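All of the numbers you see were taken from the coordinates with simple rules; none came from a lab. On a predicted model such as this, the values are computed, not experimentally measured, just so you know. Glycine gets a Cβ as well: all are built from the backbone with ideal geometry, and neighbour counts include every protein chain shown.
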Amino acid sequence: MRKLLLPLAAGLAGLGVASGVLAQDAVAVAASGVAQAASAVADVASAAAAAPVPNKGDTAFLMISTALVILMIVPGLALFYGGLVRSKNMLSVLMQVFVVFALISVLWVVYGYSAAFTAGNPFIGTLDKLFLKGVTPESVAATFSKGVVLPELSFMSFQGAFAAITVALIVGAFAERIKFSAVLAFSVLWFTFSYLPVAHMVWYWDGPDAITSEETLAAVTANAGWLWAKGALDFAGGTVVHINAAVAGLVGAFMVGKRVGYGRESMAPHSLTLTMVGASLLWVGWFGFNAGSNLEANGTAALAFANTVVATAAATLSWIAGEALMKGKASMLGAASGAVAGLVAITPACGFVGVGGALVIGLLAGFICLWGVNGLKRMLGADDSLDVFGVHGVGGILGALLTGVFASPDLGGTGICNYVTDKCGEWGGIGAQVWVQAQGVITTIVWSAVVAVVAYKLVDMVIGLRVSEEEEREGLDISSHGETAYNR
């Protein structure tokens, strides 16, 4: 019996040893599985950190801002301009603004976005994103903060609205005497060869995430637009939008010629009521223009928003004060014009200057742009019908230069961000920055003027710029579009 028990005991002992080994193996396998799972989670977390996703709040903010900019164009700018012309030309101006917006919106999608916002050379991008190739609901665009991105479609739409309003601004300079077909042909040429290069020169860069060291900063700078690389500051379009459009408008006023009866016949605005409505829509829409240009719903957007209120209000008051001193009365037209002057002047500065700086810029804009539409206009001798250069040109130049002054931290400004050290508030000095700003202004003036002269000349040679004297006297509503704004 004992002999039988001994082998059984030995077998049970062996089984126990084997069970222990198996248990240890199972624990080891389980530990290995946990380690692999933890490693996989770490890899996913690392990938998520390396590829930030758009914030819903920022995305909604930019979409609302885009809608506000479109509100500025149709109906804002259209009504502002429409009220300033004679009643027989009301529809022609509405039509020009409306259709230019549609035209540029299409061209922006076809090739404009690609040419302005891809890495090509310092003056223009490439056609790599022709017809929005590669721009999907999943693709993202950089903002001004590291690790913060937006849906590229949102950024594309926002910038497209900027392009459209810039070209639409020009029509006010030659209103009441130009062919509708000439407006469209000129718009295509000038948009392609002036707006797109200037936008690329001022605003294109690879984004902050590409900057991690002095070496990568140098690479980003070499890859950026020419004026961005110089350090020119333009928060929302002082050079790209206002100076660019105003110079093209002034050239057009000279090349199209003066209106029949200009200086001899009354050419008073036919509805200052509509002009006031248009100006009000511009003011409201401009919050999308300025605050939206920050691309993120944060404190800098709030600063741009506040500055847009303050500068516009100050310019309104200073313009009508100047009018009262000059003519003894303040006018509704003056108040509306002063508001637009303030909006224009604060545009390049709104995210860089403090509220005190915005107040000064607004006060100066009202007085100086009032001179622009009176004294300067007489000096130039051009029939700039709706004072595009006097307001947008003069105001844009003033704002661009003063950005170099009031962006200084010593004067309440934000200074400049250093993406190598991830610190903002650096400053190279007012004199140095004003010189950089002046280079941006001069470059934009020369570029836009040259392109405009060539474009107007080409259009004049092919289809002609101007309607006949008979058609002009009849009014462009009937002669160009076969309808009237008002049926009595």
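Quick look at the values:
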| item | result |
| --- | --- |
| Magnitude of the charge dipole, the chain, Cβ model with Lys/Arg +1 and Asp/Glu -1, debye to 20 | 420 debye |
| GluC sites (Glu not before Pro) within the range 138-241: DSSP coil, no more than 11 neighbouring Cβ in 10 Å | 138 |
| Where only C-alpha atoms are counted, convex hull volume of the range 442-488 per residue in Å³ | 116 Å³ |
| Lys/Arg +1, Asp/Glu -1 at C-beta; the chain dipole; positive extreme among 307, 156, 439 | 307 |
| Debye log10 I(q)/I(0) for the range 111-221, one point scatterer per Cα, at q = 0.12, 0.16, 0.17 Å⁻¹ | -0.50, -0.81, -0.88 |
| Residues of the range 125-164 with amide N under 18 Å of the 7 Å Cα→Cβ point at residue 51 | 134-143, 147-153 |
| Calculated FRET efficiency for the pair residue 329/residue 119, C-beta based, R₀ 60 Å, to 0.05 | 0.65 |
| Spacing of the two label points (7 Å from each Cα toward its C-beta) at residue 106 and residue 378, in nm | 4.5 nm |
| Pairwise centroid distance, computed over Cα atoms, of the range 304-363 with the range 455-480, Å | 35 Å |
| Alpha carbon convex hull of the range 305-426, volume per residue in cubic angstrom | 101 Å³ |
| Estimated FRET transfer efficiency when R0 is 22 angstrom, pair residue 488-residue 273 (beta carbons, to 0.05) | 0.80 |
| Translational diffusion of the range 375-446, µm² s⁻¹ [Kirkwood Rh, Cα pairs; Stokes-Einstein; 10 °C; 1.306 mPa s] | 113 µm²/s |
| Where labels lie 7 Å past Cα in the beta-carbon direction, separation of residue 463 and residue 410 in nm | 5.4 nm |
| Simple spin-label estimate for residue 306 and residue 470 in nanometres, 7 Å along Cα-Cβ | 6.2 nm |
| Volume per residue that the Cα convex hull of the chain spans, once the total is divided by residue count, Å³ | 198 Å³ |
| Top positive-direction residue, dipole computed over the chain with Cβ charges, set 122, 369, 61 | 369 |
